[in-house]
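The values are calculated or read from the model by the stated rules, or taken from the named source; none is laboratory data. Note that the coordinates shown come from a computational prediction; the quantities given were computed from them, not determined experimentally. All Cβ positions, glycine included, derive from the backbone under ideal geometry; neighbour counts span all protein chains shown. What goes into the accessible areas is simple: the full protein's heavy atoms, side chains included, and nothing from ligands, DNA or RNA. Shrake-Rupley method; radii C 1.70, N 1.55, O 1.52, S 1.80 Å.
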Protein chains: 2
Amino acid sequence: MELSLNTATVRKQWDLAQIIDGCVRHGIRGLSPWRDQIALLGLKETKKRVDDAGLTVTGVCRGGFFSDRNWKDDNLRAIEEAHFLRAPALILVVGGMPEGSKDLASARKHVRDCIAEVLPQARQAGVPLAIEPLHPMQVARAVVNTLRQALDLCDELEPGGAQGAPGVGVAVDVYHVWWDPQLATQLARAKGRILGYHICDWLPSTRDLFNDRGMMGDGIIDLPRIRGLVEAAGYRGMQEVEIFSDFDWWKRDPDEVLRTCKERLKVC
Amino acid sequence: MELSLNTATVRKQWDLAQIIDGCVRHGIRGLSPWRDQIALLGLKETKKRVDDAGLTVTGVCRGGFFSDRNWKDDNLRAIEEAHFLRAPALILVVGGMPEGSKDLASARKHVRDCIAEVLPQARQAGVPLAIEPLHPMQVARAVVNTLRQALDLCDELEPGGAQGAPGVGVAVDVYHVWWDPQLATQLARAKGRILGYHICDWLPSTRDLFNDRGMMGDGIIDLPRIRGLVEAAGYRGMQEVEIFSDFDWWKRDPDEVLRTCKERLKVC
């Protein structure tokens, strides 16, 4: 599997134009940009630079956040942007519970209803929606927390299954799902539904709930095993490195970060 | 459900003798002591003081840590201590992966094998072993991370089911399991297997993976709903408050902490 760079990995050091140049310099051929960075550079300029660099867009981060008041407009815009960039998926981080609520089940139903509401536009634009289960410790950011739950949502939203091109599927980020005793079972079930595969590592000494991800090989995730399961489920895309790292990688020379990402692909 | 105090809740402020006195002062009738505190006070002295205070021991924390070299001796000692204190269960925090390992599946099998090895002694002592699934973010401390996984272990270790007094069961701590989409299903399945019920709250602003638990009512867990599910599964014990809190409750006057625990029982 080839390497794609999720732009969050060096977002503290570089803007999107610099990141695109960096990918070219390091021979990284895939890119998954975040929408705030796209907005800063401009959508058309982003497209032009991505094309000139010969990069493949492997996803756009992110739609979702259905707990926000203007979720619908924002998601429709996100679908358009992903369509314009010819992204194979719009990654959904589904949002948390409304302020003051303790009703997790309702927040989860709300996610299903919201996805159902924008799914026709996503299908029409040819931009599948990739539900990304987030680690249970991040439930305040996203109430979909296991692969099983995400796939249950897919089945509910597309009862016909994932024959042909699915309108909705899942993004599998090892950081969020590696611990799950049901991982192998659910990845097998995900056949035809995997729209993105994100890699990094879990540090046993993790100090922060959001921004202390490890570089591949520095932690305790058996990456080759999970890649094997993802491939067995039919995924043929790139593996996208996404590292949020306040204490380490966001502090380093970004060229060193990209060089390390490429090197470490051999342990993935 | 009556209140029991897990001694971790005020361990930074008081030693075990002071905690026992505090329980008497505040009319708290249950106690779940940690073994390091028992060791400091002495096992016999602990028993004497608990009895004199008229407290019911609701559990002993903790056995497990099967990743340690001397796990067997330590767990056999823990069973003896729990027996001596007439605890209804020994809580197991099962331990993580061996240093340098990325083999989560093997670590999980090791847990099963270790419990099987000490289960005869636990049965003989009349001390059921309570497997406590820990939050997936704490996988480096415990590789059992969902209620389903813990109950699968119970079924494997005691294929006959939980008829009569089980030798092995589960401890349900809301902090570790509240996020789980399978919670209701698994609690229903847990009938006869629930050996402890621990409460606190999940703060949406959680800053630490271990020691930032909230007081009941300060977070977003629907405590009455989970209590209802636990009661429906036949649990008739106390609810045990267990709060690790570096930033807040461990810094407060412990009498205020105990008073607050009692008050907040009305939102549980």
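Would you work out what percent of the accessible area of chain A, with all protein chains in place, is carbon or sulfur (probe 1.4 Å)?
Values: 5050 of 10380 Å².
Carbon and sulfur: 49 percent of the exposed surface of chain A.
Which value in nm describes the separation of the simple spin-label points at B:PHE247 and B:GLU99, placed 7 Å from the Cα toward the beta carbon?
For the pair B:PHE247/B:GLU99, the computed spacing is 3.2 nm.
Rank A:MET238, A:MET216, A:MET137 by mean-square fluctuation in a GNM of chain A with C-alpha springs under 10 angstrom and give only the top-ranked residue.
Its mean-square fluctuation being the largest, the pick is A:MET137.
Looking at chain A, what % of its DSSP beta bridges pair antiparallel, to the nearest 5?
Once the DSSP bridges in chain A are tallied, antiparallel ones form about 5 percent.
How high is the FRET efficiency from A:GLU2 to B:PHE210, r the C-beta distance, R0 45 Å, rounded to 0.05?
Values: r = 38 Å, r/R0 = 0.84.
After rounding, the FRET efficiency stands at 0.75.
Restricting attention to the stretch A:44-121, which trypsin sites (Lys or Arg not before Pro) occupy a DSSP loop and are surrounded by at most 10 other Cβ atoms within 10 Å?
Working: sites: A:LYS44, A:LYS47, A:LYS48, A:ARG49, A:ARG62, A:ARG69, A:LYS72, A:ARG77, A:ARG86, A:LYS102, A:ARG108, A:LYS109, A:ARG112; in loops: A:ARG69, A:ARG86, A:LYS102.
Taking the stretch A:44-121 and a limit of 10 other Cβ atoms within 10 Å, the loop trypsin sites (Lys or Arg not before Pro) found are A:ARG69.
Using a 1.4 Å probe and counting only protein heavy atoms, how much accessible surface gets buried when B and A come together, both sides summed, in Å² to the nearest 100?
Details: alone 11590 and 11570 Å², together 20780 Å².
When B and A are taken together, about 2400 Å² of accessible area is lost.
Are there trypsin sites (Lys or Arg not before Pro) in the stretch B:171-268 that DSSP marks as loop and that have at most 10 other Cβ atoms within 10 Å, and which are they? Numbers along the way, then the final one.
Working: sites: B:ARG189, B:LYS191, B:ARG193, B:ARG207, B:ARG213, B:ARG225, B:ARG227, B:ARG236, B:LYS251, B:ARG252, B:ARG259, B:LYS262, B:ARG264, B:LYS266; in loops: B:LYS191, B:ARG193, B:ARG207, B:ARG213, B:ARG236, B:ARG252.
Within the stretch B:171-268, the qualifying trypsin sites (Lys or Arg not before Pro) (loop, at most 10 other Cβ atoms within 10 Å) are B:ARG236.
Before anything else, pin down the relative contact order of chain B: Cα pairs under 8 Å, at least 6 apart, normalised by residue count, whole percent. Spell out each step's value before the answer.
Working: 527 pairs, mean separation 54.2, N = 268.
Worked out over chain B, it gives 20 percent.
Which of the pairs A:LYS12/A:LYS47; A:LYS109/B:LYS109; B:LYS47/B:LYS262; B:LYS48/B:LYS191; A:LYS12/A:LYS262; A:LYS12/B:LYS12 have their Cα atoms more than 27 Å apart in this structure?
Values: A:LYS12/A:LYS47 22 Å; A:LYS109/B:LYS109 35 Å; B:LYS47/B:LYS262 24 Å; B:LYS48/B:LYS191 34 Å; A:LYS12/A:LYS262 19 Å; A:LYS12/B:LYS12 38 Å.
From the list (A:LYS12/A:LYS47; A:LYS109/B:LYS109; B:LYS47/B:LYS262; B:LYS48/B:LYS191; A:LYS12/A:LYS262; A:LYS12/B:LYS12), the Cα-Cα distance tops 27 Å for A:LYS109/B:LYS109; B:LYS48/B:LYS191; A:LYS12/B:LYS12.
Rounded, prolate or oblate for the stretch A:1-99? Axes are the square roots of the Cα gyration tensor eigenvalues, ordered a ≥ b ≥ c, and the cut-off for rounded is a/c under 1.5.
Note, shape of the stretch A:1-99 comes out prolate.
Under 19 Å Cα-Cα from B:LYS72, which aspartates and glutamates qualify once same-chain neighbours fewer than 8 residues away are excluded?
Qualifying aspartates and glutamates at Cα under 19 Å: B:ASP36, B:GLU80, B:GLU81, B:GLU99, B:ASP113, B:GLU117, B:GLU132.
Considering only DSSP beta bridges whose two residues both sit in the stretch A:154-268, what percent are antiparallel, to the nearest 5? Please report the intermediate quantities before stating the final value.
Details: 2 of 8 bridges.
Antiparallel: roughly 25 percent of the beta bridges in the stretch A:154-268.
Please work out whether the stretch B:89-144 counts as rounded, prolate or oblate from its C-alpha gyration tensor, where a ≥ b ≥ c are the square roots of the eigenvalues and a/c under 1.5 means rounded, while otherwise a/b larger than b/c means prolate and anything else oblate?
On the way: a/c = 3.35, a/b = 1.77, b/c = 1.89.
Taking the square roots of the gyration eigenvalues as a ≥ b ≥ c, the stretch B:89-144 is oblate.
What size of dipole, in debye to the nearest 20, comes out for the stretch A:198-268 about its Cα centre when the only charges are +1 on Lys and Arg C-beta atoms and -1 on Asp and Glu C-beta atoms? Don't skip to the answer; put the middle values down first.
Details: 11 positive and 14 negative charges, 57 e Å.
My answer is approximately 280 debye.
Where the label is 7 Å out from Cα toward Cβ, how close does A:ALA39 come to the same position in every other copy, in nm, shortest first?
When each copy's label point is compared with this one, the spacings are 5.4 nm.
With a Cα-only, solvent-free Debye model of the protein assembly as shown, what are the log10 I(q)/I(0) values at q = 0.08, 0.09 Å⁻¹?
Here the Debye-derived log intensity ratios amount to -0.55, -0.69.
Could you tell me which helices of chain A pass both thresholds, a Cα extent of 24 Å or more along their own axis and a mean Kyte-Doolittle hydropathy of at least -1.0, with helices taken as whole DSSP H runs? If you can, show how the numbers build up before the last one.
On the way: long enough: A:104-125 (31 Å, -0.23).
Helix filter hits for chain A: A:104-125.
Protein chains only, probe 1.4 Å: how do B:SER101, B:SER67, A:SER205 rank by accessible area, largest first?
On the way: B:SER101 25, B:SER67 50, A:SER205 80 Å².
Ranked list, largest accessible area first: A:SER205, B:SER67, B:SER101.
For chain A, modelled as a Gaussian network with Cα springs under 10 Å, which listed residue fluctuates most, A:LEU41, A:LEU258, A:LEU92?
Maximum among the listed residues: A:LEU41.
At 7 angstrom along the Cα-to-beta-carbon line, where would the label on A:GLU99 sit relative to the other copies? Give the distances in nm, shortest first.
In nanometres, ordered from closest: 4.9.
Under 1.5 on a/c is rounded, so check that first for the stretch A:56-213, then, if it is not, pick prolate when a/b is larger than b/c and oblate when it is not; a ≥ b ≥ c are the square roots of the alpha carbon gyration tensor eigenvalues.
Values: a/c = 1.40, a/b = 1.19, b/c = 1.17.
Since a/c stays below 1.5, the shape of the stretch A:56-213 is classed as rounded.
Remind me, relative contact order of the stretch A:132-268 in percent, using alpha carbon pairs under 8 angstrom and six or more residues apart?
Values: 214 pairs, mean separation 29.6, N = 137.
Answer for the stretch A:132-268 is 22 percent.
Once R0 is set to 30 Å, what does the formula 1/(1 + (r/R0)^6) return for the Cβ-Cβ distance between A:GLU231 and A:ALA165, expressed as a FRET efficiency to the nearest 0.05? Could the numbers behind the result be given before it?
Working: r = 19 Å, r/R0 = 0.64.
Computed FRET efficiency for A:GLU231 and A:ALA165: 0.95.
Largest first and to the nearest Å, give the Cα extent of chain B along each principal axis.
Answer, in whole Å and largest first: 44, 41, 40 Å.
Provide the per residue accessible area, probe 1.4 Å, for the stretch B:45-93, rounded to a whole number of square angstrom.
Details: 2260 Å² over 49 residues.
Spelled out: the 1.4 Å probe surface of the stretch B:45-93, per residue, equals 46 Å².
Taking 50 Å² as the minimum loss, tell me which residues in the stretch A:195-226 lose that much accessible area going from the chain by itself to the full protein complex (1.4 Å probe).
The answer is A:LEU209, A:ILE220.
Using the beta-carbon distance between A:LYS44 and B:SER106 and R0 = 56 Å, what value does 1/(1 + (r/R0)^6) give for FRET efficiency, to the nearest 0.05?
Numbers: r = 52 Å, r/R0 = 0.92.
According to the calculation, E is roughly 0.60.
Taking a label point 7 Å from the Cα of A:GLN182 along the Cα→Cβ vector, which residues of the stretch A:140-161 have an amide N closer than 11 Å to it?
Residues A:145-153 qualify, since their backbone N sits under 11 Å from the label point.
Treat every Asp and Glu Cβ in the protein assembly as shown as -1 and every Lys and Arg Cβ as +1, leave all other atoms uncharged, and give the resulting dipole magnitude about the Cα centre to the nearest 20 debye. Kindly include the intermediate steps, with their values, before the conclusion.
Numbers: 70 positive and 74 negative charges, 112 e Å.
It comes to approximately 540 debye.
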